[in-house]
Structure formats: C-alpha cells, structure tokens
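Enquirer: Here's a structure for you.
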Amino acid sequence: MSIGITSYGVYIPRYKIKVEEIARVWGDDPENIKSGLMVYEKSVPDIDEDTATIAVEAARNAVRRSNVDPKEIGAIYVGSESHPYAVKPTATMVAEAIGATPFLTSADFEFACKAGTAAIQACMGEVAAGLIKYGIAIGSDVSQAAPGDALEYTTAGGGAAYVIGKKDLIAEIEDTCSFTTDTPDFWRREGMSYPLHGGRFTGEPAYFKHIVSATKGLMIKVGAKPSDYDFVVFHQPNGKFPLRVAKTLGFTKEQIRPGLVVPMLGNTYSASSLIGLAAVFDGAEPGSRVLMTSFGSGAGSDSFSIVVKEKIDEMRDKAPTVQELLKGTKYLDYALYAKHKGMV
Amino acid sequence: MAAPRFWRHIPARYNLIGTKCLTCGEYYFPPRTTCPACRRAGTIEECKFKGIGEVVTYTVIRSASDAFERQTPYVLAIVRLEEGPRLTTQIVCDPDEIEIGMKVCSVFRKITEESPEGVICYGTKFMPRGDLNE
C-alpha cells in the first residue's frame, strides 16, 4: 500500500513588517532590496507566539483538515531551529495540545531549514514499517536575524504540519531522495542569539549544489523529467534563489509560481518549503504531480515526488488556506517589530 | 509559577478540559470534582469545551505585574463559553478592537514565563472569530 499525506495544516502570524520600514532604519534603498531579494514583506510573530504555539496551531489545522482521531497518531516530530527550550521538547507540547498523548513517540528535529522534511521522512519510515498508523511532521520557526544583517529583510515566522499515513491520502509520496554533505554555510552556536552565515558561500556550494543534486537524484530514482511535473517547490530563503534553481534544473516559472510564497511571507525556515507545498495543495487538481525539495544549511536537501489524490477536494476547505492566512495583516513599524522580537 | 503547579493545569489550560454534571447538565470550567447544585446526587464527567464564546466584559491592562509587563497594553476579558461557563482570559487583539458581545475563539499562546531561565507557561487565550476562517 502506498504512503503519503493524509492531511496538512498551516499557521502564519497575522503581524508583518514591510521591507521599506526595515530599510528606513538602516539607510538602505528599499527598491534595491526588493528587486535583489524579491521579498516585499515578512510575517512577525505576536509577543506571545513562538515555535511551539505556531507548531500547535499548524498541527490543529492539520487535524481539523482530516478524519484522524488524534489518539491514532503514533509519532510527532517538530523540526525547527528556534525551539523555545534548549532542553525540553516542543513536540510534547504539540502532542498534549492536540490530544495525542500519552501513547506515542515524539522528538524535536534540528537541521536548519530542512528539519521539517527530515521529520516527514522519519514518519514515512515508521508508517512503512507498520510501527505507527499516522505520524505528524511539523516545520515551525520564528527565525532570528541580527539587527542590520541582510537576513533581517527575510527572517519570518510560520509553521506547517503534515499528517503522514497510508489511509485516506490526499497525496501519495512516490519516493524521496536526500543529498547531504558537511558544508558550514550558516550556523548558530549554542547560547548565541543570532546565526552567522558565509555570505555568498550560502549560494553555489550550499543551496544550489544540494537542491540540484537531491532533485536530480530523485528524478533519476522515479524515472521522471521536469516536464512530468505540474508544480515544483523549493526552499525559499528569498524569491530569487528558487527561481534560479528552477531554471537550472529545467523547470518553468509556471511550475514554480503557485508554491512561491516567500515574496509576501518571508523565509519561515523549517516551514518554508512546507508552506510552499501547502499553497500548491490549496489549488492543485487531483492527479497533479508535485516535486518539492527542501534545503537545510549545514547542509542537505530532501526531495519528494508527490501525486495529488481525489480526496483533496473533500478535505481542502476544512482548514484555512495559505492565502487566507496571509490576509488580515497588521503592519508593524520597526520599534514594535523590535518589541515583538524581544530586541528591546 | 512553579513547574508542578503549571503542569497540574495543563489539560485545562491547553485544551479547555472542564467538567459536566450528568445529573443536572451544568458545565464547569475550571473543572470541579463535585457538582455544587446536585452534591452527592451529582455525577461529574470530564468535558472538552469547543473554545467558542462571547465577550461579557473586558478591561485594558496598561500597568501589569512583572510577569505580564512586556505584553502591555493587553485586553483581559470575561468570556462566556458556548456551553455556559465564564472564564477570565486574555483576548489577542488591539485594545481598540475589543467590544462587549464580540464572538471569540480559542488560540494557543504563551501565557508567561518564570524568567529567561525558567519554565514557559503555555495555554489558551481567545481571539476575535473570523481571523482563523472558522
């Protein structure tokens, strides 16, 4: 029997800040930033929101969009690089808050921006082995950037949860392929508030090499070519990188556009490619074929070949879509943004 | 708040688990172990509230205790749950948005933390309905 996605749920905080407002504070040219990054605004968590609360809301939306009894969930894994505790799992809070406790396994995953897709693979393995009926994989982050760092224009907050199982699939996962090397392109040391990165080193030897290799590896594995897919989703640290990697691999703008959420959302790190995939699911017809490849600094990529099933039409409207979650925005000025981020 | 004290209230705080008296049909939140109306004749069972309610009254806190100082100004309200009980809760909205009679639904938020090193207390707050497409 095939393995796949039984449900998905997303959560995006309602506050945002525009690129113009951040550029005003640092004396940058906002038009340069916007055309360079293809990001126009980014989400900002509320004062009382963090990775755990976002993960809970995404997981609750995923449960809402399914007929799954939370007690049937055998595993919950939360991928993030901003877990609220260094020691004390986020996953137990999610498990308790969706009523899945106590007979399940859970853990927090960490692999920069691809911890959420690594969690999907872990759930797939346990479902395939018959150890669990359903597993929930979550990518959730309230990503951090040092004030004045180029990252500050993109680091956002958001989360996505995927219920992995064999029953009532809204999408089948045909196969997955990962590409991993030891590449120090971006890191945050224990106890440090903000990450450091290698500037341009995060591009060619990191993002592009890993995404291209994992995606090509997957297409060889399943015997597919770019034109066999209706949609493609890549990790979205900005708007330019995914468009460039799509072009390199032979995908078109039409294939990537429906899942490109970063221009009006920002980079939600562990949730980035997962929210992009959710945006595709929000509009995809049954039978559509989707390719998704994440990227996590450090570095690695997980690529998935997915086919949307008929069941999606029945379940889609039971929880908010990505576009609905992006509406009703309240814009913050930099001072309030700094308060929300705990910088003042 | 000490970790064990917070931990004891997790079911109520995370998922609005209260109680219902099967004898008279009255709902209780926070949970009660006996029904004050039926007393010995009452049969109490656990009940999960839907998390939908209405603002009965509210105040805006501008000068808070140390644990809530960073959140000011915030809205504190008495909400009547659809099932009947009233509870005191924060409403996640700007002070100029709040109205008596406003329909609200539950959300999962950080309530407070002991200190930067201490335990973080999570739980239920409410927000105006519609924001989550419900």
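Read the figures in this text as sums done on the coordinates, not as results from a lab. All figures in this text were calculated on a predicted structure; none of them were measured in a lab. Because the Cβ atoms are built from the backbone with ideal geometry, glycine has one as well, and the counts that use them run over all protein chains shown.
Enquirer: Give the relative contact order (percent, whole number) for region A:1-123; include only Cα pairs under 8 Å separated by 6+ residues. Numbers along the way, then the final one.
Expert: Working: 169 pairs, mean separation 30.6, N = 123.
The normalised contact order for region A:1-123 reaches 25 percent.
Enquirer: I'd like to know which of B:Cys47, B:Thr112, B:Tyr74 lies farthest towards the positive end of the charge dipole of region B:33-123, counting +1 on Cβ of Lys and Arg and -1 on Cβ of Asp and Glu.
Expert: B:Cys47
Enquirer: So if R0 is 41 Å, what FRET efficiency would B:Arg129 and A:Lys339 give, r being the distance between their Cβ atoms, rounded to the nearest 0.05? Display every interim value, and only then the final one.
Expert: Numbers: r = 26 Å, r/R0 = 0.64.
In this case the efficiency is close to 0.95.
Enquirer: May I ask which residue of A:Val222, A:Thr181, A:Gly74 lies farthest towards the positive end of the charge dipole of chain A, with charges of +1 (Lys, Arg) and -1 (Asp, Glu) on Cβ and the Cα centre as origin?
Expert: A:Val222
Enquirer: How shielded is A:190-199 by partner chains, expressed as the average number of their Cβ atoms within 10 Å of its Cβ atoms? Working shown, then result.
Expert: Values: counts 0, 0, 0, 0, 0, 0, 0, 0, 0, 0.
Average neighbour count from other chains, rounded to a whole number: 0.
Enquirer: Using the Cα gyration tensor of region A:174-310, with a ≥ b ≥ c the square roots of its eigenvalues, what is the shape: rounded (a/c below 1.5), prolate (a/b larger than b/c) or oblate (neither)?
Expert: On the way: a/c = 1.97, a/b = 1.54, b/c = 1.27.
Taking the square roots of the gyration eigenvalues as a ≥ b ≥ c, region A:174-310 is prolate.
Enquirer: Next up: Give me A:Val233, A:Val87 ranked fewest to most by other Cβ atoms within 10 Å of their Cβ, as a rough exposure proxy. Intermediate results must be reported in sequence, preceding the final value.
Expert: Working: A:Val233 30, A:Val87 6.
The most exposed by this proxy come first: A:Val87, A:Val233.
Enquirer: With the cut-off at 28 Å, tell me which of the pairs A:Lys42/A:Lys71; A:Lys330/B:Lys110; A:Lys16/A:Lys225; A:Lys16/B:Lys103 have Cα atoms farther apart than that. Write out the running numbers ahead of the final one.
Expert: Working: A:Lys42/A:Lys71 35 Å; A:Lys330/B:Lys110 20 Å; A:Lys16/A:Lys225 38 Å; A:Lys16/B:Lys103 24 Å.
Pairs exceeding 28 Å: A:Lys42/A:Lys71; A:Lys16/A:Lys225.
Enquirer: Another one. Write down the percent of antiparallel bridges among all DSSP beta bridges whose residues are both part of chain B, to the nearest 5.
Expert: 95 percent
Enquirer: Output ³J(HN,Hα) for region A:282-295: one whole-Hz value per residue in order, computed from phi by the Karplus curve 6.51 cos²θ - 1.76 cosθ + 1.60 with θ = phi - 60°, and x for Gly and Pro.
Expert: The phi angles translate into 4, x, 6, 7, x, x, 5, 10, 10, 10, 10, 10, 8, 9 Hz.
Enquirer: Something else now. Could you tell me what percent of the DSSP beta bridges with both partners in the protein assembly as shown are antiparallel, to the nearest 5? The partial results should precede the final answer.
Expert: Details: 72 of 92 bridges.
Counting only bridges with both partners in the protein assembly as shown, antiparallel ones make up about 80 percent.
Enquirer: Another one. Can you put A:Tyr11, A:Tyr207 in order of Cβ neighbours within 10 angstrom, beginning with the fewest?
Expert: Working: A:Tyr11 30, A:Tyr207 26.
Least to most surrounded, the residues fall as A:Tyr207, A:Tyr11.
Enquirer: In terms of modelled amide H atoms, which long-range or inter-chain residues lie less than 5 Å from the amide H of B:Val104?
Expert: Correct list: B:Gly53, B:Glu54, B:Val55, B:Arg129.
Enquirer: Report, by chain and number, residues whose modeled amide H sits under 5 Å from the one on B:Val119, excluding near sequence neighbours (fewer than 5 apart, same chain).
Expert: The answer is B:Glu114.
Enquirer: I've got another one for you. Quick one: what are the phi-derived ³J(HN,Hα) couplings along region A:323-339, Karplus 6.51/-1.76/1.60 with θ = phi - 60°, whole Hz, x for glycine and proline?
Expert: Taking θ as phi minus 60°, the curve returns 5, 5, 6, 7, 7, x, 5, 10, 8, 9, 8, 5, 5, 5, 4, 4, 5 Hz for region A:323-339.
Enquirer: With just the Cα atoms of the protein assembly as shown, tell me how far they stretch along each of the three principal axes, in Å, largest first.
Expert: Sorted largest first, the three principal extents are 73, 57, 37 Å.
Enquirer: Next question. Give me the tail of P(r) for region B:52-133 as a percent: Cα-Cα pairs with distance above 15 Å. Mind showing how you got there, number by number?
Expert: Numbers: 1881 of 3321 pairs.
Considering region B:52-133, 57 percent of its Cα-Cα pairs are separated by more than 15 Å.
Enquirer: Then there's this: What percentages make up the Cα-Cα pair-distance distribution of region A:98-138 when the bins are 10 Å wide from 0?
Expert: 28, 53, 19
Enquirer: Then there's this: Considering every residue in B:108-116, what mean count of other chain Cβ atoms within 10 Å of its Cβ is obtained? Write down the numbers at each step before the final one.
Expert: Working: counts 15, 9, 9, 1, 1, 1, 0, 0, 1.
Whole-number average of other-chain Cβ neighbours for B:108-116 is 4.
Enquirer: Considering Cα pairs under 8 angstrom that are at least six residues apart, work out the relative contact order of chain A and quote it in whole percent.
Expert: On the way: 873 pairs, mean separation 88.6, N = 344.
Averaging sequence separation for qualifying contacts and normalising by length gives 26 percent for chain A.
Enquirer: Given charges of +1 on the Cβ of Lys and Arg and -1 on the Cβ of Asp and Glu, with all other atoms neutral, how large is the dipole of the protein assembly as shown about its Cα centre, in debye to the nearest 20? Mind showing how you got there, number by number?
Expert: On the way: 54 positive and 58 negative charges, 127 e Å.
Magnitude of the dipole: close to 620 debye.
Enquirer: Report the gain in length on full extension from A:Glu110 to A:Glu190: 0.36 nm times residue separation, minus Cα-Cα distance, nm rounded to one decimal.
Expert: Numbers: separation 80, 0.36 × 80 = 28.80 nm, distance 1.28 nm.
Between A:Glu110 and A:Glu190, full extension yields an extra 27.5 nm.
Enquirer: Per-residue HN-Hα couplings for region A:118-123, Karplus 6.51 cos²θ - 1.76 cosθ + 1.60 at θ = phi - 60°, whole Hz, x for Gly and Pro?
Expert: 4, 5, 4, 4, 4, 5
Enquirer: So how strong a dipole does region B:59-129 carry about its Cα centre when Lys and Arg Cβ are +1 and Asp and Glu Cβ are -1, to the nearest 20 debye? Write out the running numbers ahead of the final one.
Expert: Details: 9 positive and 11 negative charges, 52 e Å.
Charge dipole of region B:59-129: 240 debye, to the nearest 20.
Enquirer: Another one. In debye, nearest 20: dipole of region A:174-310 around its Cα centre with unit charges on the Cβ of K, R (+) and D, E (-)? It would help to have the intermediate numbers written out before the result.
Expert: On the way: 14 positive and 13 negative charges, 98 e Å.
That gives region A:174-310 a dipole magnitude of about 480 debye.
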